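The values are calculated or read from the model by the stated rules, or taken from the named source; none is laboratory data. Bear in mind that the values here come from a model prediction, so they are computed numbers and not experimental data. We place every Cβ from the backbone using ideal geometry, glycine too, and count neighbours over all the protein chains shown. Note: accessible area is taken over every heavy atom of the protein model, side chains too, but ligands, DNA and RNA are not part of it. Shrake-Rupley method; radii C 1.70, N 1.55, O 1.52, S 1.80 Å.
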Amino acid sequence: KTQLFATEADAPPRNKYDNLIQWLLSSNGNSYISPKVKILPSTRGGLATGGYGMFANEDLPEGELLLRIPRDCCVTIDDALNDMECGPAFQKLLEQAGSGADTVVIAGYLAKEYLLLKEYDRRLKAGEKPDGDAVMRRLSKIKFAPYLRTLPWERGVNAQEHVLFWEDEDVDALLKGSLAYADAVDTRSTVKYATTILNGIIGPVIRKARGEEEKVEEAGGFRFPWQEEEEKPSDEDEIVDGLEDAVRGAFVINLSRAFAAPSGADDGKEEDRLEPVLDMLQHSNTPNIKQKYTDDGSIEIMARGGIKSGEELFNKYKGEEDINMPYHKFFTRFGFVPGVTEPVANLIAERSSIFFPQRAAV
């Protein structure tokens, strides 16, 4: 996938992908991953960028089942709305904000779970036990923990160079005047606004898990009646440490990995959802896999045509010929330009027609 600047990156630990597969297979008896496929560094960058993909390790005949991912192993709006800590608040946000709020709600759910997972890791490193107290027991049961560990929460992870990870000065210096600039600015503004809203919903949960509520109370201390209390900003207004990065990462994950799927409600509507393992497949406008949704909401992936041993499996994120998704929009949505491995900075410096409108010759 496309990079902003050419960099070298260490490959992520392989065991996190092994843990992901083990989690998927053990979470639901209907899950299936063919023993004829495996996760390896992608041919689209591979170890040079940290990007991984899925490969055939045996010849795969037309129609062979490769993956089956049940709906309850996917991240959906239902996971957010049924969340034991923030579900009612997410439901209220969805009702008040209306169309388009699904993305914000799912991003909020992902960001909360990710920050709780980081707190769990911190406590484990400090010597706490998974069943040590009520908080640790809660943190040890994060539903999508193995999946969250494989996602691109930071710039460069899994070769992700999404414009949401850029600095403001990079956006202005590199994209101003380009076809992608307005989209980039609008998306970044949306995420900043969403962060302030989500802070009020998930902030208290994170503070409680970190034990920060008790610290705030202790900091007040005793005061004599004639001593004026120093005015401090409300905790509700203060953005929780790490939340901005987590929400930004959650939006990148949603924009670059979520796919529309039948909602399963027999109403003909679709839902956006994250489909673990399947979302590791790299993009091609000529995919060698095909997919179908079953009546129970599972997604099944089959070989399209014969696939030779050693070949990488490719999915189709969006049709490259789609007039509503020109390459510059592909970049602001998915974080890469299809078929291009050259750093984006080079394309911009060369005034590529992908980003800059070309004047007709006179």
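Hey, which of these cross-link pairs are over 28 Å Cα-Cα: 112/192; 125/208; 38/192; 112/316; 16/141; 16/192?
Values: 112/192 16 Å; 125/208 19 Å; 38/192 38 Å; 112/316 30 Å; 16/141 17 Å; 16/192 30 Å.
Over 28 Å Cα-Cα: 38/192; 112/316; 16/192.
What is the Cα centroid distance between region 116-133 and region 146-215, reported in whole angstrom?
Centre-to-centre distance over Cα atoms comes out at 25 Å.
With the dipole of the chain worked out from charges on the C-beta (+1 for Lys and Arg, -1 for Asp and Glu) around the Cα centre, which of 255, 280, 189 lies farthest toward the positive end?
280
Grab the DSSP H runs of the chain that are 4 residues or longer, score each as -39,500 (n - 2.57), total them, divide by all residues and round the 222 nm result to the nearest 500 deg cm²/dmol. Walk me through the intermediate numbers first.
On the way: 11 runs with 132 residues, N = 362.
So the helix-based figure for the chain works out to -11500 deg cm²/dmol.
Rank 333, 257, 304 by mean-square fluctuation in a GNM of the chain with C-alpha springs under 10 angstrom and give only the top-ranked residue.
Looking only at 333, 257, 304, the largest GNM fluctuation is found for 304.
Could you sort 138-149, 195-206 so that the peptide with the highest average Cβ count within 10 Å comes first and the rest follow in order? Don't skip to the answer; put the middle values down first.
Details: 138-149: 18.4, 195-206: 20.1.
Per-residue mean Cβ counts within 10 Å order the peptides as 195-206, 138-149.
Over the chain, with the other protein chains present, what is the accessible area per residue in square angstrom, probe 1.4 angstrom? Show your work: numbers first, answer last.
On the way: 18290 Å² over 362 residues.
Per-residue value: 51 Å².
Among 322-331, 103-112, how do they line up by average Cβ neighbours within 10 Å per residue, starting with the highest?
Values: 322-331: 15.9, 103-112: 25.7.
Descending mean neighbour count gives 103-112, 322-331.
If you take the charge dipole of region 262-362 about its Cα centre, with +1 on Lys and Arg Cβ and -1 on Asp and Glu Cβ, which of 339, 354, 324 is farthest toward its positive end?
354
Using a 1.4 angstrom probe on the protein heavy atoms only, could you order 92, 125, 36 from most to least accessible area? If you can, show how the numbers build up before the last one.
Values: 92 120, 125 185, 36 55 Å².
The residues order as 125, 92, 36, largest area first.
Choose one answer from 119, 238, 275: the residue with the largest mean-square fluctuation in a GNM of the chain with alpha-carbon springs under 10 Å.
238
Find how much the distance from residue 172 to residue 57 grows on full extension, using 0.36 nm per residue of separation minus their present alpha carbon separation; answer in nm with one decimal.
Numbers: separation 115, 0.36 × 115 = 41.40 nm, distance 4.49 nm.
Contour length minus Cα-Cα distance gives 36.9 nm.
How large, in percent, is the carbon and sulfur part of the accessible surface of region 97-217 at a probe radius of 1.4 Å? Spell out each step's value before the answer.
On the way: 2900 of 5540 Å².
Ligands and nucleic acids excluded, carbon and sulfur reach 52 percent.
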